[in-house]
Amino acid sequence: MVSKIDICNMALAHLGQEGISSLTQDDERARRIHLFYEPVKAEVLRTHNWAFALVREPLVLLEDPSAPSFPFLYQYPADGLFVRKVFAGEKGDKPVEFKEVYRRRINQRAIQTPAPEAVAEYTRDVQDASLFDPAFVKAFSLALAADLALTLTGDEGLSRLLISRYAQTLEEARRSNMSEGFCIPPADSAFLEVR
């Protein structure tokens, strides 16, 4: 099983750097990785419908915004990074139109759609690294290394090389992930209780 520190150390190895034992240790590498880890992870998760991060669950109705074409407003999933599709009801099999909106009055992102009882298919922010697909781990470690390259090494050539390797690895990982058959469990299933 891979851990968060394993991924960080893979990124450092791509940079020719020594590993760390903790993200809180008094070390510049640990501080930089701690700063970059979550944003880079979110970015790589959003690039593809990763099977391990895909969820389908009912949305929580916020209010009726009274817009004739999109009359229902739903809370954006709390663990959602990217809503990919919205369906009308639990058994809906054809996606319906939706818009991601920001509501200043309630100070949050929301989903606006014509669907009553809307269900979203989305990429969630997976916190438990042991659930990551091995191909995702490799792509993520390269993306993390590419973002850290200039700040830790000052080597622009290494940064460009890592970006290129990341792009190639990501494409291979996407193909591998798409060829696997999978079903999307609801977010409240025991399988997904990892937070």
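FYI, it's all coordinate maths here, none of it is from the lab. Just so it is clear, the model here is predicted, and its values are computed rather than measured. Note that we place each Cβ from the backbone using ideal geometry, even for glycine, and neighbour counts take in every protein chain shown.
Per DSSP H run of at least 4 residues, take -39500 (n - 2.57); add these up for the chain, divide by its residues and hand me the 222 nm value, nearest 500 deg cm²/dmol. Show your work: numbers first, answer last.
Working: 4 runs with 74 residues, N = 195.
Rounded to the nearest 500, it is -13000 deg cm²/dmol.
Quick one: longest stretch of the chain between exposed loop GluC sites (Glu not before Pro), exposed meaning at most 10 other C-beta atoms within 10 Å and loop per DSSP? Write down the numbers at each step before the final one.
Details: sites that count: E18, E180, E193.
Within the chain, the longest run free of exposed GluC sites (Glu not before Pro) spans 19-179.
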Only one of the values [x] 36, 18, 15; [y] 31, 18, 14; [z] 34, 19, 13 was calculated from this structure for semi-axes √(5λ) of the Cα gyration tensor in Å; name its label. [x]
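Quick one: how many lysine pairs in the chain have C-alpha atoms under 18 angstrom apart, if they're 8 or more apart or on different chains? Let's see the in-between values first.
Values: K4/K41; K4/K138; K41/K138; K85/K94; K85/K99.
Taking the chain as the scope, the lysine pair count is 5.
Would you mind calculating the relative contact order of the range 54-124 from Cα pairs under 8 angstrom and at least 6 residues apart, reporting the percent as a whole number? Let's see the in-between values first.
Values: 161 pairs, mean separation 31.1, N = 71.
Relative contact order, the range 54-124: 44 percent.
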